[in-house]
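Visitor: Dumping the structure here so I can ask a few things about it.
The values are calculated or read from the model by the stated rules, or taken from the named source; none is laboratory data. Computed from a prediction, not measured in an experiment: that's the story for all the values here. With ideal geometry, Cβ positions are generated from the backbone for all residues, glycine too; neighbour counts draw on all protein chains shown.
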Amino acid sequence: MTKKLNLRELVEHMDFQIEEFSNYVNIQTGEVVSISNDILLKVEDDEIDLDNHPEWEHEMIHEAIDLLENDGDYIEVPSKYEINEYGIMEDFAFNVKPDKVSDKLSRAIQGRGAFRRFKDTIDELGVTEEWYKYKRERLKEMAIKWCQRNGIEYREE
């Protein structure tokens, strides 16, 4: 790898994932790229014409082309399913102090609508900032382990 990966950037991509995009690390440049699955499919099928896409998509199209032509230079970032945010919420609920906050959060994440109730409850209890700090730290730990497993050098900022 010629350039070290910015760990903060990787964590941000791990944190903010949407179904329509996939995230990859270019191990040669250390860059994290997000590519629309739709664009990736069009490039794979060789159905892409830059003239038919707005200019803001051109960089993503070039990244998709590079990904397909140099697939050995890219590693997919862990998906939201691999990250398991629900498990992170459970750990936070179990470990947060005082115990009455922990109890309320543990109840909030039970059953359907757990994510919404959890967000509402952390706001109500005034531990929103503590939650986001905890979540970032957990994602950072996962990112470091992922980099180590994949032999990717990283830098912290």
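Visitor: State all residues of segment 110-157 that are in contact with a Lys or Arg (Cβ under 7 Å, 6 or more places away or on another chain) and without any contact (Cβ under 8 Å) to a residue 60 or more places away in the chain; if no residue qualifies, say none.
Guide: Answer for segment 110-157, where residues must be in contact with a Lys or Arg (Cβ under 7 Å, 6 or more places away or on another chain) and without any contact (Cβ under 8 Å) to a residue 60 or more places away in the chain: Thr121, Leu125.
Visitor: Let me spell it out: the conditions are (1) farther than 17 Å from Arg8 by Cβ; (2) at pLDDT below 95, and Arg155 meets all of them except one. Which number is the exception?
Guide: (1)
Visitor: Sticking with this one: Do you know which residues across segment 63-114 are among the β-branched types (Val, Ile, Thr), in a helix (DSSP H, G or I) and within 21 Å of Asp38 (Cα to Cα)?
Guide: Ile65
Visitor: Being among the acidic types (Asp, Glu), loosely packed, with under 11 Cβ neighbours inside 10 Å and farther than 22 Å from Lys135 by Cα, is that true of even one residue in segment 71-80?
Guide: Within segment 71-80, one or more residues are among the acidic types (Asp, Glu), loosely packed, with under 11 Cβ neighbours inside 10 Å and farther than 22 Å from Lys135 by Cα.
Visitor: Further question: Going by the structure shown, is Phe92 among the aromatic types (Phe, Trp, Tyr) and either within 25 Å of Glu153 (Cβ to Cβ) or loosely packed, with under 12 Cβ neighbours inside 10 Å (or both)?
Guide: no
Visitor: Name every residue in segment 18-62 that is assigned to a loop (DSSP other than H, G, I, E, B), touching a residue at least 24 places away in the same chain (Cβ under 8 Å) and touching a helix residue (DSSP H, G or I) at 6+ places or on another chain (Cβ under 7 Å), in order of residue number.
Guide: Matches in segment 18-62: Ile27, Gln28.
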